[in-house]
1. Could you please state, rounded to a whole Å, how far the C-alpha centre of region 225-292 is from the C-alpha centre of region 518-554?
2. Sorted by average packing, counted as other Cβ atoms within 10 angstrom per residue and highest first, what order do 575-584, 115-124 take?
3. Assuming 0.36 nm per residue, please report the length gained on full extension of the stretch SER324 to HIS590 beyond their Cα-Cα distance.
4. Order the following by accessible area, largest value first: ASP497, ASP126. Probe radius 1.4 Å; ligands, DNA and RNA are ignored.
5. Using a Förster radius of 56 Å, what is the FRET efficiency between LYS105 and LYS431 based on their Cβ-Cβ separation? Nearest 0.05, please.
6. Once ligands and nucleic acids are excluded and a 1.4 Å probe is used, how much of PHE491 is accessible, expressed in Å² to the nearest 10?
7. Considering every pair of different Cα atoms, what Kirkwood radius, in Å, is found for region 399-473?
8. With a bin width of 5 angstrom, please list the P(r) values of region 259-414 as percents of all Cα-Cα pairs, from the 0 bin to the one holding the largest distance.
Amino acid sequence: MGARWGAGRTRRAKALAMGGPAIGVVLALAVAAPPATASPDAVATVADGNGSMVMLLDSSGSMAKRDASGSTRIASARKAVGTVVDSLPDGYPTGLRLYGSQKQKGCTDSRLAQPVRPLDRAGIKDAVAKVRPKGDTPIGHSLRKAAEDLPGPSGSATGRRTIVLISDGEDNCGDPEPCEVAQELGKQGIGLRIDAIGFKVRGKAREQLECVARAGNGAYYDAPDADALARQLQRAGRLSVDGYRLKGKKAEGGSAPGEAAGLGSASGQYLDTIGPGEKRWYAVRMDGVSTAGFAATAVPEPGSRVDELDGLHVELTAPGPSRSSCASSTERFGQDEGGVPLVAGVSRIPGSAGSTGRCDRGPGRHLLSVERVSGDSDGEDDGDGTGGARWPLELTYSVDKPLKKGTTPAQSEPDHGAGGQDAKLPRGSAKRVSGGTGFNDAARIGKGVWRDKVLPSQTLWYRVPVGWGQQLRYDVEFSNEPTVKEHNTEFSYGRTDTYTPHRQPVSGAGRLTTRSSYDGDPGKVSGGTVPVSWTNRFESGAHVVPVHTDGDYYIAVTLGAGAARIAENPDIGVTLRVDVKGEAKAGPQHNAPALKASPADPASGGKARGEDGAAKDGTESGGAPVVAAVSGGVGLLLLAGLAGWFVTSRRATANGGGQERTGTMRGDAW
C-alpha cells in the first residue's frame, strides 16, 4: 500500500489506491499510578488565536527576472500573496518576512515587513508591493527568524504555527544550512510546520526546498509558473487555518506501566502527544459489567512526511497478576503521500446470558498503551527529518449504560442488506456544507445531497444522527477537475472512513469501496454501517461489533497530498449522497415502537420522540448524562456513566480470549 504518488513515483498507483476504509490507532490502559490531575480543556481554534502563519518571501536579485509572459517573478509573487490573504478568514494572525530585499550582499538580510497579528490584508499587500529584489538568499538564517516571529499557543492549548517559504532558488549563504535549521525547528515541539513552495526551481534548489519541508513537518509544493504559485500558496495558507481542532483535558501518559496516567472511571476526552518510537501508558478503573470503548486520534501535520508502514499500536491490558494483553490493534498509514489523521479503537465487552464478550476479565484497573511505530527497522528518524515531530493524541473513553433488567434486546444485524454497494441513494440538487476539521467540529448533516470542497492533504468531517434499527449509507463523489499541464501519469487517492458515536472505526468489510485512485477524473468512494443493534457487540465482524449504539455517526473524507500535483484548482469539489435507511426505533429492545420521525430528518434536529413524546431507549435510568463538548458550534457526543446490563443475544460468536487486530493498513489493504 501507499506507493509514492509524486513525479516518477507512480509505480503502483491505481492498484494500491483501491482498498477499504482507513481505520486507525489504538489505546491502552494502565496498572499503577494514582489518577492524574487533569488541566482544563484545551481547545485549538482560530477564534482563540491559537493558529498563526508567517509568509517568508524570497526577495533576492533573481526575483527580478522576467518569465515568458514578460512579468517579473516578484510581480507574480505579489499577485499570489494578494490571492492568499484574500482567502484567509478575518482575524487570522498572519505576517510577512522578506529576505534579500535590503542590500546587494548579505547573509543576514532578513526583515519582518509585517508582524504576525490579526490579518491586515491591506498592510501585507502594501508591504509586498514595496519590495525591490536586490540581494542574496539566506534561507537558513531567515527560517530561524521566522520561527521567532510566530507567537506560541495561548494558555494550555495546542495551536498550529506555520511558516510558508516561497523561493525561486537555493540558499547561497550555506551557514546555517536550511535543512538543518528546519529539522532543528521541527523537533522543538508540536504545532510548528514549514511548507515550502518552489517557484520555477529544479535540480539542487528543488531538492533543498523538499528537504526543508520534509524536515519541517510540512509539505513541498512545486510552482512552475505564476498561476501555480498562487494556487499552491493558497493551499498552504488554507491548510494552516483549517487544522484539526483538538479538545480535551491534558493527560501526560507514563513511560512505563507503573507510571500510567489515570484517566478516571467516567467517560472523558483527553489530550497528549507522542514521539517517534514512544509508548505512552494510561489507566482506568472499570466495573465488571459495563461495555467500555476507547478511541485514539493521532494528528500528524497534513501532508507531512510519513511512511506507509508508520502508525500506532495500542493494547488493552486486563487486571491481575499476569497483566496480559486482552485486546490490541495496529494501524498504519498505508501510503506515503503525506500525513492524515489516524483513528483507532478497542473495546472491553463483558459477556452476558450465554454470549461471549471481548476482553472480559472482570473489574479492576486496566492499562492502555499507545505506541507510535515506524516503517524503519530501527524505529528512529532517518536523519532527513522523516517522522521526527511529535504528534498530538486525542483520547476518548466511553461507557455504555445497561439495559433495564428484564429487557430483551432486538436481535443483532450483521448484514448490510439494503445498505450494500448498490444501495439507492438520494439524488437531486445539492446543499452547500462546510466540513469540520475533526470530530469536535464535524458538520452535522442528514439525509440528502451535500456539496463541499476539499484540499489536497485535507480531511473533512461530518456527522449524521442514526437511530436504533437504522443504518448509515453514503457515497462521496470527487468531481471532474481540470489538471495542470505538467500532469502526466500521476495518481493520488480519495478515501472515506466511518466512525461510531464513540469514535470506533467501522470497516467496509470488503463490501464497500472506501478508497479509490484520483487523477482529476470523476471518482467515487462509499461508506456506511450495518443496522444499529445493541447485540451487534456480540458479533465477530469488525464492521458489525462497533455498531451497537445510536447517536451521531461520523464521516471523514480525505484527498491525498499527491493531488496538489494534479488538480489545477486549489480545491476539489466533492458531493456526498447520504441516506439513513430503515425506521428509527424508540430503543434497543425487541419490538420497540417506531419513532414518529427519523433523527436524520433535518426537521427533527437530530432528535426523535416516541408516540407519547418521550425519548425511549430501554436503558437503565439514573446514569450520568450525555455530555456535549462543543467546539466551533458543533458538539461531540460522549455517553457518560458506568453501569451494568442484562442482555440476550441470538448469536454468540466473539472470542473471549485475547483480541488482536494487527497488520491493518489505512484502507484495509491487509
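The values are calculated or read from the model by the stated rules, or taken from the named source; none is laboratory data. The model shown is predicted, which means the values in this text are computed figures rather than measured ones. Cβ placement follows ideal geometry from the backbone for every residue including glycine, while neighbour counts extend to all protein chains displayed. Ligands, DNA and RNA are stripped out before the accessible areas are found, and what is left, the full protein with its side chains, is counted by its heavy atoms. Shrake-Rupley method; radii C 1.70, N 1.55, O 1.52, S 1.80 Å.
1. Answer, in whole Å: 23.
2. Values: 575-584: 21.6, 115-124: 15.4.
My ranking of the peptides, most packed first, is 575-584, 115-124.
3. 92.1 nm
4. On the way: ASP497 5, ASP126 75 Å².
I get ASP126, ASP497, largest accessible area first.
5. Values: r = 58 Å, r/R0 = 1.03.
The formula returns an efficiency of 0.45 here.
6. Roughly 40 Å² of PHE491 is accessible to a 1.4 Å probe.
7. 15.7 Å
8. In whole percents, the pair-distance histogram is 2, 8, 17, 20, 15, 13, 11, 7, 4, 2, 1, 0, 0.
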